[in-house]
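Okay, structure first, notes after.
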Amino acid sequence: MNETGSRDNVRTLEHYLQGTAPEIVKVYLAIAQSALRLSDELPFHTGMTGGVNPSGDQQAQLDIFSNDLFCDSLLASGVVGQVASEEMEQPRESGPLREHGLSVAMDPLDGSSNIATNNPLGSIFGIWRGPLPQPGRSLLASLFVTYGPTLTLTLTAGKKVAQFVAVRSGPHRGSYVLANDGMVLPDTPEVYGIGGERGKWTPRVEAFVQTLEKRGMKLRYGGTFIGDFNQVLKRGGLFAYPELTNKPHGKLRVLYESAPVGFLAELAGGASSDGRRSLLEVEPRALAETSPCYVGSRGLLRELQSAFVRA
Ligand code: AFP
């Protein structure tokens, strides 16, 4: 289907990526194929492993399955030297490409607590050159996948943001087709979703959220960063996993989650922040480092940063 949902005049992912750097194309296609496979496998790996990841989150079978699937396909692409993942203590590497090849940081299954309830899931990828950690401002490209009613890929290679939908039947079966090109994150804010327990928000977070409620914005929070951000990308508003009184650096990992999404948001005309500067300026010293994450409409983010400075 094209941007109007019609099955005519479709443009496939491969066609769209003509003109993109060949190394990035290889990474995108490896992720696209693995996401289709993961989507097919979702019903067969629904249990928990009993283990925890390096951040202490309970690991689901799907966390491990998706991690191995994406790691294997990325390293087999022949252009990736390092894959760092929210699910692994140490990156997996392909020796000869480690220094100068591409590096991918990923959250292979975002929102694993949604597995049991069949709510949206996602996967997030940031692509850099050379070993990680690196700040978001050095990103070459980023991409996220949503496993919702449809399987979508939203990507940028540093210019425009485009969204593709996987087609499961008909002549284009097994391909991704362009659903939205040159996406623009609306500056008129409509929805917001804020993570963490409300009682643990810091006073300045609480005060800012009250201003959102007063201006009539709608609360939309589903517990998957990617699902919630995708609404903000389409409808304008704010997603935040904020500073908490017991977790001043929030929950979301800079490399695996917030920098790749911040990169995409900014290229779509939106903004990102850790409360005082763009998420792309955060310099993570460790792979699993976290930071407060605010991402959405540009004007709203400007207001948030000014309000935080005054508080
Ligand atoms: P899980 O993958 O452990 O479900 O965590 C998802 C996540 O990292 C992010 O996708 C959500 O926005 C956030 O955590 C939800 O966290 P809360 O349950 O604390 O709101």
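The values are calculated or read from the model by the stated rules, or taken from the named source; none is laboratory data. Predicted, not measured: the structure shown is a model, and the values here were computed from it. Note: ideal-geometry Cβ built from the backbone for every residue, glycine included; neighbour counts use all protein chains shown. Accessible surface is based on the protein model in full, side chains and every heavy atom, while ligands, DNA and RNA are left aside. Shrake-Rupley method; radii C 1.70, N 1.55, O 1.52, S 1.80 Å.
Points to keep in mind about this one:
- Accessible surface of region 44-153 [probe 1.4 Å, protein heavy atoms]: carbon and sulfur percent: 52 percent
- Within-15-Å neighbourhood charge of P149 [Cβ basis; K, R +1; D, E -1]: +2
- Take 267-275, 140-148 and order them by the average number of nearby Cβ atoms within 10 Å per residue, most first; the result is 140-148, 267-275.
- Amide H to amide H, with H built 1.01 Å from N, A60 comes under 5 Å of T49, counting only residues 5 or more places away or on other chains.
- Residue pairs exceeding 31 angstrom between C-alpha atoms, taken from K159/K214; K26/K247; K218/K251; K159/K247: K159/K214; K26/K247; K159/K247.
- Estimated FRET transfer efficiency when R0 is 41 angstrom, pair Q90-Q210 (beta carbons, to 0.05): 0.45
- Coupling constants for region 163-171 follow from the phi torsions by the Karplus curve (6.51 cos²θ - 1.76 cosθ + 1.60, θ = phi - 60°), and in residue order they are 10, 10, 10, 6, 9, 9, 8, x, x Hz; glycine and proline get x.
- Each stretch of four or more DSSP H residues adds -39500 (n - 2.57); spread over every residue of the chain, this sum gives -8500 deg cm²/dmol at 222 nm.
- Solvent-accessible area per residue in region 1-93 equals 49 Å², computed with a 1.4 angstrom probe and all protein chains kept.
- Less than 5 angstrom separates the built amide H of G195 from those of A240, Y241, all sequence-distant by 5 or more or on a different chain.
- Surface analysis of region 143-195 yields an accessible area of 39 Å² per residue, using protein heavy atoms and a 1.4 Å probe.
- Amide N proximity, region 229-245 versus E197 label position 7 Å along Cα-to-Cβ, cut-off under 16 Å: 242-245
- Percent accessible area from carbon and sulfur atoms, region 247-311, protein chains only, probe 1.4 Å: 51 percent
- Accessible-area value, L287, 1.4 Å probe, nucleic acids and ligands omitted, Å²: 30 Å²
- Cβ-defined net charge surrounding G47, 15 Å radius [Lys, Arg +1; Asp, Glu -1]: -2
- DSSP bridge orientation in the chain - percent antiparallel, rounded to nearest 5: 80 percent
- Rounded Å value of the spacing that divides the Cα centres of region 253-278 and region 109-152: 13 Å
- Choice from I226, I64, I124 with maximal GNM fluctuation in the chain (Cα, 10 Å cutoff): I64
- Of the DSSP H helices in the chain, those whose Cα atoms cover at least 20 Å axially and whose Kyte score averages 0.5 or more: 61-76
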